[in-house]
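The values are calculated or read from the model by the stated rules, or taken from the named source; none is laboratory data. Note that the structure is a prediction, hence the values are computed from the model and not measured. So basically every Cβ, Gly included, is an ideal-geometry build from the backbone, and we count neighbours across all protein chains shown.
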Amino acid sequence: MAVMRRTVLAAIAALALGSAANAADPIKVGAILSTTGPAASLGEAEAKALTLEVDRLNAAGGLHGRPLVLVTYDDGSDAAKANGLAKRLIESDGVAVLIGGTTTGATMAIVPGAEKAGLPFVSLAGGIVIVDPVKKWVFKTPHTDRMAVAKVFADLRKRGLTRVALLTDTSGFGQSGRKEAQALASQAGIEIIVDETFGPKDTDVTAQLTKIRAAGPQALFVFGFGQGAAVVTKNVAQLGITVPHYQSHGVASKEYLDLSGPAVEGVRMPTPALTIWDRLADADPQKPVVGDFVARYRARYGDEPSTFAGYAFDALRLWAAAVERAGSTDPVKVRDQLEATRGYVGTSGVVTMSATDHMGLDTDAFRMVVVEKGRFLPLD
């Protein structure tokens, strides 16, 4: 059975809200996250960020004087479970919004229920299929896989590397990234000379990497997330493969660095500004926002927030801002206000949405980084 957590008002927040807020009906925020299984390092960070922001909003008086209650279900990194959990949140729990789908597969399983119910849904996954084509009730906070591929290909071209090995995991995110890489390669001047896949739960990928090494590529581009991508990184080092190694934003986290160990040195990838927030220019509008989030996350959990925590933080803040502007939790009004988001400064970039763009980010919101001495450093 899925694990359910409920975040409710702490005693001190209840006193701050006062009797009027206590008497008001709570607003339920529904979340479907992968807090166990291969994507657990992503989902756990998302759950922490949502709890942190719900508590902050409640301490400040809630939304329109109503406290927030976070109702979270764990899909176990199994996309097949997500649809049923969404139905439970909508029909039994009566939530005002859906947040989650840690993975692209889980998100796409949730989409039909959200669309049918007419309920705002903010995804935390990277696949472009989530917002292209645009779906009336569906929004997302992470950059897309198409953007990640474009950013990596631009860096490869800059370095004169055109013959590339592609290694993607078999998840929805990995295979969407594979499709985008195949589609963009020729126009970017990139030749994919070998194309292999691996499973997110695989504990050894040396067979695929041996084939890749034999093909003689100039660079390796891996598209995956969680434990599987870290296994690939360690196997690359074990096989003595020394060509430039690229990963996607699906591994932009301290957890990936820790799981990969010394093998991660030199890996390049596109990430949101959160991974290098302390190196942003003081004039960068993201620096104070991300800095405040990092400080509060550290104080609460004693750890660094990953980009996945940032995606969840942005999702809740975008929805809360839409509720404030709408003056209610009416789903139609809130959906319209989400679509009307202009200039929201978050951890992923500056977001401006429209009827034809339910993500609101461009490629410039991505920063290319390299891992040196166990930390992310900016390349551009």
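Key figures for this structure:
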| item | result |
| --- | --- |
| Residue match in segment 14-27 (condition: crowded, with 16+ Cβ neighbours inside 10 Å, of a type in the set (A, V, I, L, M) and at pLDDT 95 or above) | yes |
| Cross-chain or 6+ apart pairs with Cβ under 7 Å, segment 174-189 first and aliphatic (A, V, I, L, M), then part of a helix (DSSP H, G or I) and modelled with pLDDT of 95 or more | ALA181/VAL149; LEU184/VAL149; LEU184/ALA150; LEU184/PHE153; ALA188/PHE153; ALA188/ARG157 |
| Some residue of segment 236-256 being in contact (Cβ under 8 Å) with a residue 60 or more places away in the chain, in contact with a strand residue (DSSP E or B) (Cβ under 7 Å, 6 or more places away or on another chain) and within 22 Å of THR51 (Cβ to Cβ) | yes |
| Any hit, segment 202-214, residues being crowded, with 18+ Cβ neighbours inside 10 Å, closer than 19 Å to ILE128 by Cα and modelled with pLDDT of 95 or more | no |
| Selection count where residues are over 22 Å from the mean Cα position of the chain (by Cα), farther than 13 Å from GLY118 by Cα and among the basic types (Lys, Arg), scope segment 76-100 | 1 |
| Segment 234-273, residues that are within 19 Å of SER41 (Cα to Cα), touching a Leu at 6+ places or on another chain (Cβ under 8 Å) and hydroxyl-bearing (Ser, Thr, Tyr) | SER253 |
| Filter pass, GLY126 being buried (at least 24 other Cβ atoms within 10 Å of the Cβ) and either assigned to a loop (DSSP other than H, G, I, E, B) or out of contact with any helix residue (DSSP H, G or I) (no Cβ under 7 Å at 6 or more places or on another chain) (or both) | yes |
| Answer from ASP292, ASP330, ASP303, ASP314 - the residue that is at pLDDT below 95 and either buried (at least 18 other Cβ atoms within 10 Å of the Cβ) or at negative phi (or both) | ASP303 |
| Residue count for segment 183-200, restricted to those that are at negative phi and exposed (fewer than 15 other Cβ atoms within 10 Å of the Cβ) | 4 |
| Count of segment 97-115 residues which are among the charged types (D, E, K, R) and crowded, with 24+ Cβ neighbours inside 10 Å | 0 |
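Yes/no per residue for (1) within 18 Å of the chain's Cα centre (by Cα); (2) part of a loop (DSSP other than H, G, I, E, B); (3) surrounded by fewer than 17 Cβ atoms within 10 Å (Cβ to Cβ):
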site: ARG298; (1), (2), (3): no, no, yes
site: ALA309; (1), (2), (3): yes, no, no
site: LEU318; (1), (2), (3): yes, no, no
site: ASP336; (1), (2), (3): no, no, yes
site: SER348; (1), (2), (3): yes, yes, no
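Condition check ((1) in a helix (DSSP H, G or I); (2) under 26 Å from THR168 (Cα atoms)) across all residues:
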| position | (1), (2) |
| --- | --- |
| LYS48 | yes, no |
| LYS81 | yes, yes |
| VAL95 | no, no |
| ILE110 | yes, yes |
| LYS116 | yes, no |
| PRO133 | no, yes |
| PRO142 | no, yes |
| ALA150 | yes, yes |
